[in-house]
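J.: Mind looking over this structure? Questions follow.
The values are calculated or read from the model by the stated rules, or taken from the named source; none is laboratory data. For clarity, every value in this text was computed on a predicted model and none was experimentally measured. No Cβ is skipped: glycine too gets one built from the backbone with ideal geometry, and neighbour counts run over all protein chains shown.
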Amino acid sequence: MSSFLLRLTALLCMIVDHAGLALFPNVGLFRCVGRAAFPLYCFLLVQGYLHTRDLRAYMRRLLLLAILSEIPFDLLIFGSTVSLMEQNAVFSLLLGLLAVCAADTMKARGAWPMAAAALLALSAMIMRVSYGWLPVALCLAFYYGRDRRSATVLAAAGTLLLYTLSLLLSGVAMSWVLVSLCALLSLPPILLFNGKRGLRSPALSLLFYAAYPLHILALLVIRALRIVPPYFLG
């Protein structure tokens, strides 16, 4: 699979996930499919880091996207324009990118990169970004295993299982713990990644970025207008 196909797969899984959250809250299959999206985005983020020509511009794009997406995210999840309960997943990805950048920089300087990783993971939990410490750990797993695909997948699987265990120990409902295990569905596509970019253009790249806030806004409109079949039944 090319990078384009992985991005498309991640996007479709994310849309299914949020559609289930917004429109079909009692259909667990939507959320199960959606669990594959975030690990795929973490993997693609590391690939982006390894191939970007301008890291600062990459970070600025993510930060701008995170800021623009926060109000739609809060409206979808919490029904208000501002909520400090949880920050959207783009902030999570940005912290993952910072962790990879710190690991790379500190390794070159002979420092201990795990200290920076621990600090960023703690920051993720304090900031209450989506998935907590997972993006930092998962992006580092993908980064350190980048030269051996099987090692990458095994490290990612271990990280996802550890995250699921942490949910169980924190008292999260067993039903959600089982749904979270479906994040492992992201690993076969990653294993099939061929290292090629596939279809690409500036317009297509912009579309992939814009799709995050735009699909949330579309779901908000659909939910507000009650124009999907489940509402007809009510």
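J.: Among all residue pairs at least 6 apart or on different chains, which show Cβ distances below 7 Å where the first residue, located in segment 47-69, is surrounded by 16 or more Cβ atoms within 10 Å (Cβ to Cβ) and the second is assigned to a loop (DSSP other than H, G, I, E, B) and of a type outside the set (A, V, I, L, M, F, W, C)?
T.: These pairs meet every condition: Tyr58/Thr52; Ala66/Asn88; Ser69/Asn88.
J.: Go through the residues of segment 88-95 one by one and say whether even a single one is within 17 Å of Leu219 (Cα to Cα), touching a residue at least 12 places away in the same chain (Cβ under 8 Å), touching a Leu at 6+ places or on another chain (Cβ under 9 Å) and part of a helix (DSSP H, G or I).
T.: Taking every residue of segment 88-95 in turn, none turns out to be within 17 Å of Leu219 (Cα to Cα), touching a residue at least 12 places away in the same chain (Cβ under 8 Å), touching a Leu at 6+ places or on another chain (Cβ under 9 Å) and part of a helix (DSSP H, G or I).
J.: If you take the residues of segment 19-46 that are within 10 Å of the chain's Cα centre (by Cα) and assigned to a loop (DSSP other than H, G, I, E, B), which of them is surrounded by the most Cβ atoms within 10 Å (Cβ to Cβ)?
T.: Ala36
J.: Quickly run through segment 3-18 and pick out the residues that are surrounded by fewer than 20 Cβ atoms within 10 Å (Cβ to Cβ) and in contact (Cβ under 8 Å) with a residue 60 or more places away in the chain.
T.: Phe4, Leu5, Thr9, Leu11, listed by residue number.
J.: Looking at Leu217, Leu206, Leu185, Leu199, which is the one that is out of contact with any helix residue (DSSP H, G or I) (no Cβ under 8 Å at 6 or more places or on another chain) and of a type outside the set (Gly, Ala, Ser)?
T.: The conditions single out Leu206.
J.: Let me ask another. Can you work out which of the residues in segment 188-203 that are assigned to a helix (DSSP H, G or I) and in contact (Cβ under 8 Å) with a residue 60 or more places away in the chain is surrounded by the most Cβ atoms within 10 Å (Cβ to Cβ)?
T.: Among residues in segment 188-203 that are assigned to a helix (DSSP H, G or I) and in contact (Cβ under 8 Å) with a residue 60 or more places away in the chain, the one surrounded by the most Cβ atoms within 10 Å (Cβ to Cβ) is Ile190.
J.: Hey, another quick one. When you scan segment 173-210, how many residues do you find that are among the β-branched types (Val, Ile, Thr) and touching a Cys at 6+ places or on another chain (Cβ under 6 Å)? Spell out how you get there, then give the answer.
T.: So in segment 173-210, the residues among the β-branched types (Val, Ile, Thr) come out as 177, 179, 190.
Imposing the further condition that a residue be touching a Cys at 6+ places or on another chain (Cβ under 6 Å) reduces the set to 179.
Residues in segment 173-210 being among the β-branched types (Val, Ile, Thr) and touching a Cys at 6+ places or on another chain (Cβ under 6 Å): 1 in total.
J.: Let me ask something additional. Working only within segment 191-209, note down all residues that are in contact with a Leu (Cβ under 8 Å, 6 or more places away or on another chain) and modelled with pLDDT of 85 or more.
T.: Listed by number, the residues that qualify are Phe193, Phe208, Tyr209.
J.: On the basis of being surrounded by 15 or more Cβ atoms within 10 Å (Cβ to Cβ), under 28 Å from Met174 (Cβ atoms), free of Cβ contacts under 8 Å to residues at least 60 places away in the same chain and in contact with a Ser or Thr (Cβ under 7 Å, 6 or more places away or on another chain), does Asp74 make the cut?
T.: When the stated conditions are applied, Asp74 passes them.
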